[in-house]
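For reference, the structure discussed in these notes is given below.
The values are calculated or read from the model by the stated rules, or taken from the named source; none is laboratory data. Computed from a predicted model, the values in this text were never measured in an experiment. All Cβ positions, even for glycine, are placed from backbone atoms using ideal geometry, and neighbour counts span all protein chains on display. We work out accessible area using only protein heavy atoms, side chains counted, and drop any ligands, DNA or RNA first. Shrake-Rupley method; radii C 1.70, N 1.55, O 1.52, S 1.80 Å.
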Amino acid sequence: MKSTRDAYGEALVELGKSNKNVVVLDADVSKATRTKKFAEQFPGRFFNCGCAEQNMMGVAAGLSLTGKIPFASTFAVFATCRALDQVRNTIAYPRLNVKIVATHGGITVGADGPSHQSLEDMAIMRAIPNMIVIVPADAIETKKAVKESVKYEGPIYIRLGRAEVPIVTNKDSPFAIGEANVIQEGDDITIIACGIMVAVSLEAAQLLEKEGIKAKVVNMHTIKPIDEDLIIKVARETKAIVVAEEHNIIGGLGSAVAEILCNKIPTPFEQVGMRDTFAESGKPEELLAKHGLTANTIVDVARKVLKSLKGCLIIEKKS
Amino acid sequence: MVNRAKIIKDLQKKARIIRRDIIQMLYEAGSGHCGGCLSSTDIVTALYFHHLCYKPDNPDWPERDRFILSKGHCVPLLYAVLAEGGYFPKGELKTLRKIGSHLQGHPDMRKTKGVEASTGSLGQGLSIACGIALGGKMDKKSYTVYALLGDGEIQEGQVWEAAMFANHYHLDNIVAIIDRNRLQVDGPTNKIMTIEPLVDKWKAFGWKVITIDGHDMSQILDALEKAKETKDRPTVVIANTIKGKGVSFMENQVNWHGKAPNKEEAEKALSELT
């Protein structure tokens, strides 16, 4: 168990050693985003912007214009909502080489409550032209994502979490922006997930197996550009698709997958995510349970969609 | 001093050419912002034709001074000086705001040579300038970053975030210029949202403040020189200007903020700018 923000802090220090152009900006939450580790090692390349996220995004844009590779970090809700206009107009529109790495994505922020939890960041960032959106599944993948982001010239949004999450990938797991990974094979149903819901989906797949349902699990770490080819492939290989995300069901991974399915290969489809509601203060695991972001919910939804499919087939046969 | 008198005279002549280009462009485009272009023409002319170091044939020259047009709606002025300065042919100015043109309604750094940043959403240019200035400091470059802001624009909170930042990081390689023409879209700034006491505000934020008549070429040149010499802190030049300066029927008229002249108005304006 390790939080993706902890991995980010470590990745930044490693990057700082190998790439002198990497600079880091934070908006007075460097202890929480873990950029403090970089600040301690490279004080000349770390700039605290204070409680001023909008200016931070503009400063990052300016730094990129001088050949620096700025990482701008704060909580997901502030990076994408508070500073949205700056991200859109100053960074994304001119395709500037700024990496926005936001921690505290989702509801596992926990006790701080809805003002600090982020349910809509993936939807918002995904809708902005030129923006790449990545949501790593665990600490190992976070390090890969942060390092890969430097190889890409342009704006990237990486969403990380506060809570500790299980490790589901290993150092040999492939990671390429825009190329999702099948991390468990199965031919009955596909569960597509990102972030913390990848581990939950693997747990769900185990539960389904006990019932004789073989679930394929896809780690869709890149929300944009979404891996269209893989979605079409798994839609062909299995009977239905369930998407699981720690995000509003409007606009996030589920929507991105549904767009491909509807346009290219209509497939029975269900979503597990926040049902268009704010959460509340509480422990991460309590919030996940209360809002149905659990393996049991995925199992229920998978059963339901497969059952409805059988119903459809029966009707077809009758007619 | 003779030399300086000639410099000033030449700049004044240049400013008239730029004003004519602006009127012609806006007439051709059929929309755009006359008032704010004309109020800041003298300052931007002095920057591009006397003060800034740049190479039109090498727009990415790392040592160049940077000019960020934070009040992006006045981009016809920027296009006019860039064309006059040799970044692209003057004939292209008439494509302003037209489909397929590299001259967008607001600055697009990816489309137009010489445009340093994409702006248009107000209040963002000074932050970008801070980033460029900071990068310049890190790399021990000697360039200066200039940002032109509208007086209505500084009602945006982000401007003050950037003002704090520039002071905190001792960015003495930044010069903000405020086009204090006292009018914004909906009316006079003092009626829409008071920005005074302007000098005290910037002083309180740690900036060196220079107040000038933004149409007096001699004062403009002096202010730019003084600003460049300032050490350890950023400088703001508050340029008192007249919106629509140079065209009698546009001067101090709020309705000319976001309006283009028709044929008759353009001809009348051009006849005043000879």
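List of remarks:
- Cut-off under 5 Å, modelled amide H: who pairs with A:Ile250 long-range: A:Asp276
- For A:Ile223, distant residues with modelled amide H under 5 Å away: A:Val133, A:Ile134, A:Val135
- In chain B, the calculated helix contribution to ellipticity at 222 nm averages -12500 deg cm²/dmol per residue, counting -39,500 (n - 2.57) for every DSSP H run with n ≥ 4.
- Taking the DSSP bridge list for region A:2-165 and keeping only pairs wholly inside it, about 15 percent are antiparallel.
- Degrees, to the nearest 10: B:75-85 long Cα axis against longest axis of chain B: 90
- Gyration tensor (alpha-carbon) shape descriptor, region A:2-165, a/c threshold 1.5: rounded
- Angle of helix A:253-264 to the longest C-alpha principal axis of chain A, folded into 0 to 90 degrees and rounded to 10: 60°.
- Between region B:163-177 and region A:280-305, the alpha-carbon center distance in angstrom: 49
- Net +/- balance of residues flanking A:Pro166 in space, Cβ distance below 13 Å, scoring K and R +1, D and E -1: -4
- Within 10 Å of each Cβ in A:93-106, the average number of Cβ atoms from other chains: 2
- Once the convex hull of all Cα atoms in chain A is built, its volume per residue stands at 122 Å³.
- Residues along region B:118-149 losing 30 Å² or more of accessible surface when the other protein chains are present rather than the chain by itself (probe 1.4 Å): B:Ser118, B:Ser121, B:Gln124, B:Ser127, B:Ile128, B:Gly131, B:Ile132, B:Leu134, B:Met138, B:Asp139
- Compactness of region A:15-54 - radius of gyration and Dmax, Cα, Å: 9.9, 29
- Taking the protein heavy atoms of chain B in the context of the full set of protein chains, the accessible area attributed to carbon and sulfur is 50 percent at 1.4 Å.
- Sparse-neighbour loop sites [trypsin sites (Lys or Arg not before Pro); region A:45-119; at most 11 other C-beta within 10 Å; DSSP]: none
- Across region A:291-300, rounded Karplus estimates of 3J(HN,Hα) from the backbone phi angles (6.51 cos²θ - 1.76 cosθ + 1.60, θ = phi - 60°) give 9, x, 8, 10, 4, 4, 5, 4, 4, 4 Hz, Gly and Pro being marked x.
- Within 10 Å of the Cβ of each residue in B:151-158, the mean number of Cβ atoms contributed by other protein chains is 2.
- For B:Glu63, net neighbour charge (Lys/Arg +1, Asp/Glu -1) across residues whose Cβ lies under 13 Å away: +2
- A/B buried area, accessible surface, summed, 1.4 Å probe, Å²: 2100
- Note on region A:1-102: with neighbouring protein chains present and a 1.4 Å probe, carbon and sulfur make up 48 percent of its accessible heavy-atom surface.
- Percent of Cα pairs exceeding the 24 Å cut-off, where the set is region A:124-213: 27
- Whole-number D in µm² s⁻¹ for the protein assembly as shown, Kirkwood Cα-pair radius fed into Stokes-Einstein, 20 °C, 1.002 mPa s: 83
- Gyration tensor verdict on region B:1-101 (Cα atoms; rounded if a/c is under 1.5, prolate if a/b is larger than b/c, oblate otherwise): oblate
- Within the protein assembly as shown, antiparallel bridges make up roughly 15 percent of the DSSP beta bridges whose residues both belong there.
- Size of chain B: Rg and Dmax of its alpha carbons, in Å, are 17.4, 53.
- Straight-line cross-link reach from A:Lys171 at under 17 Å between alpha-carbon atoms covers these aspartates and glutamates, not counting any fewer than eight positions away in the same chain: A:Asp6, A:Glu10, A:Glu14, A:Asp138, A:Glu141, A:Glu148, A:Glu179.
- Computed over region A:2-165, relative contact order equals 28 percent, with contacts defined as Cα pairs under 8 Å that lie 6+ residues apart.
- Checked against a 24 Å cut-off, the cross-linked pairs A:Lys37/A:Lys290; A:Lys151/B:Lys113; A:Lys36/A:Lys68 give Cα-Cα distances beyond that limit for A:Lys37/A:Lys290; A:Lys151/B:Lys113.
- Prolate/oblate/rounded label for region B:108-171 (Cα gyration tensor, a/c 1.5): oblate
- Stokes-Einstein D for region B:115-245, Kirkwood Rh over Cα pairs, 20 °C, 1.002 mPa s (µm²/s): 144
- Backbone HN-Hα couplings from phi across region A:131-148 [Karplus 6.51/-1.76/1.60, Hz, Gly and Pro as x]: 8, 9, 10, 10, 10, x, 7, 7, 5, 5, 5, 4, 4, 5, 4, 5, 5, 5
- Note, ³J(HN,Hα) from phi for region B:226-236, Karplus 6.51, -1.76, 1.60, rounded to Hz, x at Gly and Pro: 4, 4, 5, 7, 5, 10, 6, 8, x, 10, 10
- Applying the criteria of a DSSP loop state and at most 13 other Cβ atoms within 10 Å to the trypsin sites (Lys or Arg not before Pro) of region A:165-270 yields A:Lys171.
- Built amide H within the under 5 Å cut-off of A:Glu270, gap 5+: A:Ile241, A:Val242, A:Val243
- Sequence-distant aspartates and glutamates (8 or more away, or on other chains) whose Cα lies within less than 16 Å of B:Lys6: B:Asp42, B:Asp216, B:Asp222
- Value in Å of the Kirkwood radius, where region A:221-319 supplies the Cα pairs that are averaged: 14.8
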